[in-house]
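Below is one structure; the comments refer to it alone.
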Amino acid sequence: MAFYYLCNYDEHKWEQKKKVLESFKITKLEDLPQLISEFSQIDETQFNNSLMYLRKFNHEQMLVGLVNEIIQYALKISDLIPCGKIPRMTRDNPIVEFNRKQILCILCHMFLCTLEKDKNTLYWVNFDIWFNISTKCTNSYIQSLIEYFHESFNLINSEHMNEIVKFEKKIFDKNLFNLLNENNGMCDFEIRLNGSIGDCEQVEVDFANMDIGFGKTGTQEEILFAASPEMCAAVLFAQTLADDEAIIITGARKIAKFNGYGLDVEFGEKVPNNRIWSKRKFRLKEKICLENLKNV
């Protein structure tokens, strides 16, 4: 079985990173780029521009306290994920599950940029791509992440944080496509032109790229992942989708609503935590396959 190896898998490397995290105390927001530079290359100018944006939405002392909470929770990784590895989501191993505390810890490390790419990782595994490119779009995604951390730490002792977020690969029968075409489709549906991406939640479908995940522009997929940061963990273990594959994510909380599209995406508002998120299903389907469905 193939795995993605977290920063605590190699004990020697983890002791080095752990030592840095344990010795670092954030007293002002400008300390954050210094800490992250211990693990990743940063663009100091872009990073500071992102921090200026965050100050517009948040009190600085709240941000300082939150970053220190992120550091302390990142140090719990050996307790929460003692094996230090995540199985790759494949046809032979189609399901990967975490509880919310485990995902929170993983996202803390992605925020601090302590994770490393491996030969199976095509793109990024940390959120430094948001810090190092300060645009309206990426800054809005960082604000969503801040809202996620703030809410998660407020809920840390609740049963909510024991809920499971499930990532599941589904394989489609290609004969089904021919059957759907012969029967003139599966069902009727209505396309609504008003509203914005992700604000209608009866059915959530993302016509994704073959390599799913968050990004630095404002595509449909990138907006949806940034709005639900728990989904971002998928970049660590999801492999390139084949034409007959889809991924179902169950239980991811939605944190933010965004306005606009592309590089004009901007943070709209925090989504209230008043839904049963454990029942939320989100489907990511590589778009090539659906182009063959003439009548669906």
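The values are calculated or read from the model by the stated rules, or taken from the named source; none is laboratory data. Keep in mind that what you see is a predicted model, and the values were worked out from it rather than measured. Cβ: placed from backbone, ideal geometry, glycine included. Neighbour counts: every protein chain shown. What goes into the accessible areas is simple: the full protein's heavy atoms, side chains included, and nothing from ligands, DNA or RNA. Shrake-Rupley method; radii C 1.70, N 1.55, O 1.52, S 1.80 Å.
Leu75: open to solvent by 10 Å² or more (accessible area, probe 1.4 Å) and in contact with a Leu (Cβ under 9 Å, 6 or more places away or on another chain), yes or no?
yes
Taking the range 108-145 only, how many residues are of a type in the set (Gly, Ala, Ser) and under 15 Å from the mean Cα position of the chain (by Cα)? Lay out the reasoning, then the answer.
To start, the set of residues in the range 108-145 that are of a type in the set (Gly, Ala, Ser) comprises 134, 140, 144.
Those left that are additionally under 15 Å from the mean Cα position of the chain (by Cα): 140, 144.
Matching residues across the range 108-145 total 2.
Given the criteria surrounded by fewer than 17 Cβ atoms within 10 Å (Cβ to Cβ), farther than 23 Å from Arg100 by Cα and modelled with pLDDT under 85, does Leu179 qualify? It would help to see each step written out before you state the result.
Values: surrounded by fewer than 17 Cβ atoms within 10 Å (Cβ to Cβ): yes; farther than 23 Å from Arg100 by Cα: yes; modelled with pLDDT under 85: yes.
Answer is yes for this residue.
Where in the range 1-105 are there helices (runs of 4 or more DSSP H), lying fully within it, with 2 or more residues that are modelled with pLDDT of 95 or more and basic (Lys, Arg)?
Result: 11-23.
From the set of residues in the range 118-138 that are of a type outside the set (Phe, Trp, Tyr) and outside any loop (DSSP other than H, G, I, E, B), which is most open to solvent (accessible area, probe 1.4 Å)? Break it down stepwise before answering.
Restricting attention to the range 118-138, the residues satisfying the condition of being of a type outside the set (Phe, Trp, Tyr) are 118-122, 125-126, 128-129, 132-138.
Narrowing the set further to residues that are outside any loop (DSSP other than H, G, I, E, B) leaves 128-129, 136-138.
On the way: Asp128: 30, Ile129: 22, Lys136: 97, Cys137: 0, Thr138: 0 Å².
Top of the filtered list is Lys136.
Could you list, in sequence order, the residues of the range 82-96 that are open to solvent by less than 10 Å² (accessible area, probe 1.4 Å), out of contact with any Lys or Arg (no Cβ under 9 Å at 6 or more places or on another chain) and under 25 Å from Glu159 (Cα atoms)? Please lay out each step first, then the result.
The initial filter retains those residues of the range 82-96 that are open to solvent by less than 10 Å² (accessible area, probe 1.4 Å), namely 84, 86, 88-89, 96.
Filter once more, so that each one left must be out of contact with any Lys or Arg (no Cβ under 9 Å at 6 or more places or on another chain): 84, 86, 88.
Within the range 82-96, Gly84, Ile86 meet the criteria.
Could you tell me how many of the residues in the range 272-296 are modelled with pLDDT of 75 or more and touching a strand residue (DSSP E or B) at 6+ places or on another chain (Cβ under 6 Å)? Spell out how you get there, then give the answer.
Step one: filter the range 272-296 for residues modelled with pLDDT of 75 or more, giving 272-283.
Now narrow it down to the ones that are touching a strand residue (DSSP E or B) at 6+ places or on another chain (Cβ under 6 Å): 281-283.
Result for the range 272-296: 3.
For the range 108-117: of the residues being outside any loop (DSSP other than H, G, I, E, B) and aliphatic (A, V, I, L, M), which is surrounded by the fewest Cβ atoms within 10 Å (Cβ to Cβ)? Give the steps one after another, and end with the answer.
Here is the first cut: in the range 108-117, the residues outside any loop (DSSP other than H, G, I, E, B) are 108-112.
Retained after the next criterion (residues that are aliphatic (A, V, I, L, M)): 110, 112.
Details: Met110: 23, Leu112: 26.
This residue is Met110.
Provide a single number: the residues in the range 97-107 that are buried (at least 22 other Cβ atoms within 10 Å of the Cβ) and more than 21 Å from Leu145 (Cβ to Cβ).
Total meeting the criteria: 0.
Looking only at the range 222-244, filter to residues that are open to solvent by less than 10 Å² (accessible area, probe 1.4 Å) and either among the basic types (Lys, Arg) or more than 21 Å from Leu104 (Cβ to Cβ) (or both); which one of those is farthest from the chain's Cα centre (by Cα)?
Across the range 222-244, the extreme among qualifying residues is Leu241.
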